[in-house]
1. Do any residues in the stretch 64-79 that are within 19 Å of ARG19 (Cβ to Cβ) have Cβ atoms under 9 Å from those of residues that are in a helix (DSSP H, G or I) and not basic (Lys, Arg), where the two are at least six apart or on different chains, and which pairs are they?
2. Out of the stretch 43-60, which residues are surrounded by 10 or more Cβ atoms within 10 Å (Cβ to Cβ) and of a type in the set (Gly, Ala, Ser)?
3. Output yes when any residue across the stretch 53-65 is touching a Lys or Arg at 6+ places or on another chain (Cβ under 8 Å) and of a type in the set (Ser, Thr, Tyr), and no when none is.
4. Filter the stretch 61-81 for residues that are modelled with pLDDT of 95 or more and of a type in the set (Val, Ile, Thr); which is surrounded by the most Cβ atoms within 10 Å (Cβ to Cβ)?
5. Restricting to the stretch 9-57, give me the number of residues that are among the basic types (Lys, Arg) and within 30 Å of PHE68 (Cβ to Cβ).
6. How many residues does the stretch 20-67 contain that are part of a loop (DSSP other than H, G, I, E, B) and closer than 13 Å to ALA6 by Cα?
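The values are calculated or read from the model by the stated rules, or taken from the named source; none is laboratory data. As the structure is a prediction and not an experimental result, all values here were calculated from the model. A quick note on method: Cβ atoms are made from the backbone with ideal geometry, for glycine too, and the neighbour counts reach across all protein chains shown. Areas reflect the complete protein model, heavy atoms only, side chains present, ligands, DNA and RNA absent. Shrake-Rupley method; radii C 1.70, N 1.55, O 1.52, S 1.80 Å.
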Amino acid sequence: MCQQIAEGTRWSRCNHFQRHLVVAIYDCNSSRCEKSFQHSRGCRDPNCIKLFGAEIQRDIDTVDEYCFACRAAHARAAGIPLS
């Protein structure tokens, strides 16, 4: 199955990835994958793969901190208002 190649920020404390941009598509070269150039245009087979596979993540920068969602979750768990 084809995959999107994305560039973004890696938050090192929680290891989450924040995508900034999809820069390319990795073609699996399968005639059974609708995202591949090898898939025939007129195919009506309902069993063909319709979605991209797991995203390939390329870190363009790394931040030594928790991501925004993890910081908010930690604050909620500690009872700290987010104002």
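1. Listed pairs, sorted by first residue: TYR66/ALA73; TYR66/HIS74.
2. GLY53
3. yes
4. VAL63
5. Step one: of the stretch 9-57, the residues among the basic types (Lys, Arg) are 10, 13, 19, 32, 35, 41, 44, 50.
Retained after the next criterion (residues that are within 30 Å of PHE68 (Cβ to Cβ)): 10, 13, 19.
So the answer is 3.
6. We begin by selecting, within the stretch 20-67, every residue part of a loop (DSSP other than H, G, I, E, B); these are 27-32, 34-48, 50-55, 64-67.
If we keep only those that are closer than 13 Å to ALA6 by Cα as well, we get 52-55.
Going through the stretch 20-67 one residue at a time, the tally reaches 4.
Let's see how each residue does on (1) open to solvent by 60 Å² or more (accessible area, probe 1.4 Å); (2) modelled with pLDDT of 95 or more; (3) over 18 Å from the mean Cα position of the chain (by Cα):
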residue: GLN3; (1), (2), (3): no, yes, no
residue: PHE17; (1), (2), (3): no, yes, no
residue: HIS20; (1), (2), (3): yes, yes, no
residue: ARG41; (1), (2), (3): yes, no, yes
